[in-house]
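Everything below concerns the one structure shown next.
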Amino acid sequence: MTEDRPPTIDPDDVADRLEALPGRMVALQQRLEAAAGNAPQARPVLILPVSKGHPVEAVIAAVDLGWREFGENYAHELSAKAELLSLARPDVDVCWHFIGQLQSNKIRTVANEVGVWQSVDRAKLCREIARRSPGARIHIQVNLSDDPAKAGCTFEEAPELVALATDLGLRVEGLMGVGAADDDEATAVAFRRLRALVDALKLAECSIGMSADLELAVRSGSTLVRIGTALFGPRG
Ligand SMILES: *Cc1c(COP(=O)(O)O)cnc(C)c1O
């Protein structure tokens, strides 16, 4: 984005995406229904379209189809899209979910845009969100892999983080987790463990499932699937 050349929206790109999205949404809903089948744990599931890595045209097309909630991973990308969207569709209010690794010094820059903070995994982030966005809706992210370098608190830490965030006045709606990319068995076990913790903590939301593992997630009791590729195609 340069100052002399204001960013523009490509209407042809929006039109192409408007053609592609409804079919992908139908296919996704069919996958979700087939997965739920008569699985005893299956519940109603919210589809959160994840627009990270896609241009604002993808969001504009989705907004024109009536979608109002989007997931983004990076603060600068979220801010840029929110700004362009407000120029292109000034009457539309969308709810952005922050789902990427969160740095406390970036919270301020997107606090006005973010409606749900899904990737909260430490006390410092709870405090900063409570300061910049009092009463905000959050999820606590739990690390579902054995790799401590991955985002998320441990299963053991989650209850105290939920308690801390609640004490700080935040609305803890649920827990979020990312499955292991290449290990269905480990992912299924971790999804079920997360679902059990959601129940034990009496929370409403269990945010699990992405394009590649949404069937496992639905059968494990997901209430919110975060879908990028299956809706918007491969990221550029
Ligand atoms: C990118 C991302 C998604 C969407 O992934 P797809 O595989 O494209 O559906 C969901 N959740 C998180 C945390 C992500 O980073």
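Values in this text are rule-based calculations from the coordinates and carry no lab data. Keep in mind that this is a model prediction, so the values were computed, not measured. Cβ atoms come from the backbone with ideal geometry, glycine included; neighbour counts cover every protein chain shown.
Find the lysine pairs in the chain meeting two conditions, Cα atoms under 24 Å apart and a separation of 8 or more places or different chains, and report how many there are.
8
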### Query
Under the definition of Cα pairs under 8 Å and six or more residues apart, what whole-number percent is the relative contact order of the chain?
22
### Summary
Dividing the helical contributions, -39500 (n - 2.57) per DSSP H run of n ≥ 4, by the residues of the chain yields a 222 nm value, nearest 500 deg cm²/dmol, of -13500 deg cm²/dmol
### Task
With label points built 7 Å along Cα→Cβ from the Cα atoms of GLN41 and ASP13, find their separation and express it in nm.
3.9
### Query
Over all Cα pairs of the chain, how is the pair count split among 10 Å bins, expressed in % and running from 0 up to the last occupied bin?
8, 32, 35, 20, 4, 0
### Message
For segment 59-83 and segment 107-164, what is the centre-to-centre distance using only Cα atoms, to the nearest Å?
### Response
21
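On full extension of the chain, what length is gained from ASP91 through ALA200, given 0.36 nm per residue of separation minus the C-alpha to C-alpha distance?
Numbers: separation 109, 0.36 × 109 = 39.24 nm, distance 4.04 nm.
Stretched out fully, the ASP91 to ALA200 stretch lengthens by 35.2 nm.
Please go through segment 143-216 and write out the trypsin sites (Lys or Arg not before Pro) that DSSP classes as loop and that have at most 15 other C-beta atoms within 10 Å. Before the final figure, lay out each step's value.
On the way: sites: LYS150, ARG171, ARG192, ARG193, ARG195, LYS202; in loops: LYS150, LYS202.
Taking segment 143-216 and a limit of 15 other Cβ atoms within 10 Å, the loop trypsin sites (Lys or Arg not before Pro) found are LYS150, LYS202.
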